[in-house]
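Have a look at this one.
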Amino acid sequence: MTHSTASSPAAFEARLRARESGYHIHHPFNQRMAAGLCSPEQIRAWVANRFYYQANIPLKDAAILANCPDRDTRREWVVRILDHDGTDTRPGGIEAWLRLGQATGLEREALLDHRHVLPGVRFAVDAYVNFARRAPWQEAVCSSLTEMFAPEIHKERLAGWPTHYPWIEAAGLDYFRSRIPLAQRDVDHGLRVTLGYFRTPEQQQRALDILQFKLDVLWSMLDAIQLANP
């Protein structure tokens, strides 16, 4: 429902955060993982398919940079690419996810060539990247705000996986540990852009719809994984 008047920045942020109920932490497949009910094959399927998303995050962020004429925003946003791609001295999130895959028994080459990626996962991730390429950069920034909900899911895995899945080498969980502080930094910037740009009732509803689209991308990825790995 579109509000007849624009929400204040604080109220608008609260409306964005209220979409947490659609975050994939609540998906049945994630709940099974969190409860320790997934088999090694199911864990490996999730890791391999989720890697396709991880590998595409820098492409999404590069698309935002390509569409953004504001130098200050570009200087703040470009660090996200390095966070995932890494540098010669600091391995990034993609390398950390590859190590997670290897810790679960997947071959590095199988992750890199995406041989295990399901069509539904590929479709959802590609839709997200294409949205970032075609949308105004502020809308693409808004779509990243699912990061608001990410620290909780990372903490959940760090707390439960060592007990539920002791066969996974502990070093493989470093990705989840590293993302907690970075997610908060990214959220602070994304919210600044979103709260400053989406000011009218129609714009704010558009922002909520964009956030829902991204939530649907993440949810549909787990739908595909669950269907293929009952």
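Would you please give the FRET efficiency between LYS155 and ARG15, computed as 1/(1 + (r/R0)^6) with r the Cβ-Cβ distance and R0 = 25 Å, to the nearest 0.05? Can you show the working numbers first?
On the way: r = 24 Å, r/R0 = 0.97.
Efficiency for this residue pair is about 0.55.
When the chain is treated as a GNM, springs tying every alpha-carbon pair under 10 Å, which of GLU20, GLU109, GLU156 comes out with the largest mean-square fluctuation?
In the Gaussian network model the winner is GLU109.
Considering only protein heavy atoms and a 1.4 Å probe, what is the carbon-and-sulfur percentage of the accessible area of the chain?
Numbers: 5750 of 10560 Å².
Taking all protein chains in place, the chain shows 54 percent carbon and sulfur surface.
Going toward the positive end of the dipole of the chain, with +1 on Lys and Arg Cβ and -1 on Asp and Glu Cβ, which of LEU182, ASN56, LEU16 do you reach last?
Working it through, the farthest residue towards the positive pole turns out to be LEU16.
Could you sort VAL193, VAL121 by accessible area so the largest value comes first, with the probe set to 1.4 Å?
Values: VAL193 20, VAL121 0 Å².
These residues rank, largest area first, as VAL193, VAL121.
Send over the per residue convex hull volume for the stretch 20-111, Cα only, as a whole number of Å³. Write out the running numbers ahead of the final one.
On the way: hull volume 12.0 nm³, N = 92.
Dividing the Cα hull volume of the stretch 20-111 by its residue count gives 130 Å³.
Rg to Rh for the stretch 50-178: what is it, with Cα atoms only and Rh by Kirkwood? Intermediate results must be reported in sequence, preceding the final value.
Values: Rg = 15.7 Å, Rh = 15.9 Å.
A ratio of 0.99.
Okay, moving on. What is the stretch 80-189's relative contact order, in percent, from Cα pairs under 8 angstrom and six or more apart in sequence? Don't skip to the answer; put the middle values down first.
Details: 77 pairs, mean separation 34.7, N = 110.
About 32 percent, as a whole number.
Quickly work out the GLU76-to-THR5 label distance, labels modelled 7 Å from Cα along the C-beta direction, and quote it in nm with one decimal.
2.8 nm
By how many nm would the segment from TRP167 to HIS26 lengthen if fully extended, with 0.36 nm per residue of separation less the alpha-carbon distance? Kindly include the intermediate steps, with their values, before the conclusion.
Details: separation 141, 0.36 × 141 = 50.76 nm, distance 2.48 nm.
Between TRP167 and HIS26, full extension yields an extra 48.3 nm.
Let me ask something additional. Please report how far the C-alpha centroid of the stretch 134-153 lies from that of the stretch 1-75, rounded to the nearest whole angstrom.
6 Å
Could I ask something else about it? Go through the stretch 131-230 and name the chymotrypsin sites (Phe, Trp or Tyr not before Pro) that are in a DSSP coil and have 13 or fewer other Cβ atoms within 10 Å of their Cβ.
Details: sites: PHE131, TRP137, PHE149, TRP167, TYR175, PHE176, TYR197, PHE198, PHE213, TRP219; in loops: TRP167, PHE198.
Passing both the DSSP loop test and the Cβ count: TRP167.
Shifting gears a bit: Which whole-number value in Å² is the accessible area per residue of the chain, probe 1.4 Å?
Numbers: 10560 Å² over 230 residues.
Value returned for the chain: 46 Å² of accessible area per residue.
Expressed in nm to one decimal, what extension gain is obtained for the pair GLN212 and THR200 from 0.36 nm per residue of sequence separation less their Cα-Cα distance?
Details: separation 12, 0.36 × 12 = 4.32 nm, distance 1.83 nm.
Here the answer is 2.5 nm.
Then there is this: With the crude spin-label approximation of a point 7 Å out along Cα→Cβ, what separation in nm comes out for ARG90 versus ARG177?
1.7 nm
The values are calculated or read from the model by the stated rules, or taken from the named source; none is laboratory data. These numbers come from a predicted model, not from an experiment. All Cβ positions, glycine included, derive from the backbone under ideal geometry; neighbour counts span all protein chains shown. In case anyone asks, the SASA skips ligands and DNA or RNA and just uses the protein heavy atoms, side chains included. Shrake-Rupley method; radii C 1.70, N 1.55, O 1.52, S 1.80 Å.
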